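The values are calculated or read from the model by the stated rules, or taken from the named source; none is laboratory data. Keep in mind it's a predicted model, so treat the numbers as computed, not measured. Here Cβ is always computed from backbone atoms with ideal geometry, including for glycine, and neighbour counts include all displayed protein chains.
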Amino acid sequence: MNIISLLVGIVLGAVLALGAYILIRRSILKGKREEILEKAEVEAEKIKNERILQAKEKYLSLKSEHEKMVNDKNAQIREAENRVKQKENTLNQKLGEAERKNKELEAQKAGTKAREEQLKEKEAEFEQLRGQVIRQIETVAGMSAQEAKKELMDSMKAQARSEAQAYINDCLDDARLNAAKEAKRIVINTIQRTATETAIENAVTTFPIDNDEVKGRIIGREGRNIRALEAATGVEIVVDDTPDAILLSAFDPVRREVARLALHQLVVDGRIHPARIEEVVSKVSKQLEEEILETGKRTCIDLGIHGLSMELVRLIGRMKYRSSYGQNLLQHSREVANICAILASELGLNPKIAKRAGLLHDIGKVSEEDPDLPHALLGMKLAEQHKEKPEICNAIGAHHEETEMTSLYAPLVLVGDAISGARPGARREVIESYIKRLRGMENLAGSYPGVTKAYAIQAGRELRVIVGAEQVSDQQAELLSGDIAQRIQDEMTYPGQVKITVIRETRSVAYAK
């Protein structure tokens, strides 16, 4: 019982102690809470005051900026008003000046009318005096005014013609002297640098053989081999008494080349019969087509031309086996391409376009389509089919002036083609046409009165005309050279230029006895 009482007392004491601890803890926490609240209130008040100060500062800053902006706007408005006032003053001044000038013009018009009336009166008086003077002159001179006028005009015409010819000659000499340096530079860049070898145009290829025994093998029994070869190649094979040679005759140079290569392989192989001939010709034809394509590609690479269609590249390769007036067509086209590129650079044009047009300008000569069309128009048609640029197509079609020139590259190709064909050594003339051209120049000069002799020298590049001193004066000699030059230019075809020299010589002979 005592133990229970003791335990109860202990529990009660513990409960009381715990309650006292809780009360003490609550009081302590209450004090801390009040302290924290006080500190929070103080901190909040401090933050509030800081925010109020910041807001005031922001307000003042915005206010000052607004005032500054308003002041700037007001200043701009004042400046605009000042400018408007200045313009208004200027306009007023100009208006006043215009009114003053109008008044002056009206006054001048009035004065001009008065002067015109005075001039009309003076003109009438002058005409009367002029008529009197003319009648007096006619009486003294013994001829009418029309006759005197005609005689004076004839004299002035002769003098003016002589002076004009002398002036023209002086201008031409000055132009030649001033242009000589530039012309030499362009000619050197275009002709000397691009000069290439030439080939004689013909329709026959000579195939060499070792002995006459090979001729018999090529002919074959009853001529079977030669007939098979002619049928396969389309080339006429001439076997005659020419020692160690067989002639291959055809207008198509590609066919002649196929026949030459096929004959070479057959002679080297030794087996010559119709079946073998057809096999070799077919093989050689394929090889030549591959070589033609490779030649076209190599030409385009050498010239820096890209993007051509394979058909145009193949036609470029075929140019290797074609010649025109003794000039190899591929070499001629390469030469024209380089000339056009140089001229385009001199004129500030695109040299790549000019070079492309120059290379393709004679592409119609090797085409197998539309043989009735001129080669320039056919080349233009081919270029259009293969999507070349319009200026390139026009340059190809217009290089012989068979269609209208619509781009600056067309005259470049025309000039480049003329330079390449006219340079010394580029083309070989047939002797008959060469002699005919020289005689034509001499006969043309000999048709003028007073000409005793005419000589075409320097391969037709100079014409020397000898006139009689009694029949032709010095002034007439100057006129004669110009007239002959103009007729040659209008009536004849010639490469380069022709110099006309008129020689008038006076001789006085006496004998001492």
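Selection of region 227-284 for residues being in contact with a strand residue (DSSP E or B) (Cβ under 8 Å, 6 or more places away or on another chain) and either in a loop (DSSP other than H, G, I, E, B) or not assigned by TED's automatic domain parsing to the domain that holds D210 (or both) yields V235, V239, D240, D244, A250. On the stretch given as region 381-417, residues that are within 17 Å of G307 (Cα to Cα) and either assigned to a helix (DSSP H, G or I) or of a type in the set (S, T, N, Q) (or both) total 8. Filtering region 468-493 to residues that are assigned to a helix (DSSP H, G or I), surrounded by 12 or more Cβ atoms within 10 Å (Cβ to Cβ) and among the polar types (S, T, N, Q) leaves Q475, Q476, S481. In region 496-507 there is no residue matching the filter, namely being modelled with pLDDT of 85 or more and in a loop (DSSP other than H, G, I, E, B).
Residue count for region 436-450, restricted to those that are without any contact (Cβ under 8 Å) to a residue 24 or more places away in the chain and not in a loop (DSSP other than H, G, I, E, B): 6. The requirement of being out of contact with any Gly (no Cβ under 7 Å at 6 or more places or on another chain), outside the structural domain of A383 (by TED's automatic domain parsing) and modelled with pLDDT of 85 or more is not satisfied by K352.
What are the residues in region 349-387 that are surrounded by 22 or more Cβ atoms within 10 Å (Cβ to Cβ) and closer than 20 Å to D302 by Cβ, if any? Selection gives A354, K355, R356, A357, G358, L359, L360, H361, D362, I363, V366.
Applying a threshold of 7 Å to beta carbon distances and a minimum spacing of six or more residues, or different chains, the list of pairs starting in region 387-406 at a residue that is farther than 18 Å from S420 by Cβ and at pLDDT 85 or above and ending at one that is exposed (fewer than 15 other Cβ atoms within 10 Å of the Cβ) and not charged (D, E, K, R) reads N394/T406.
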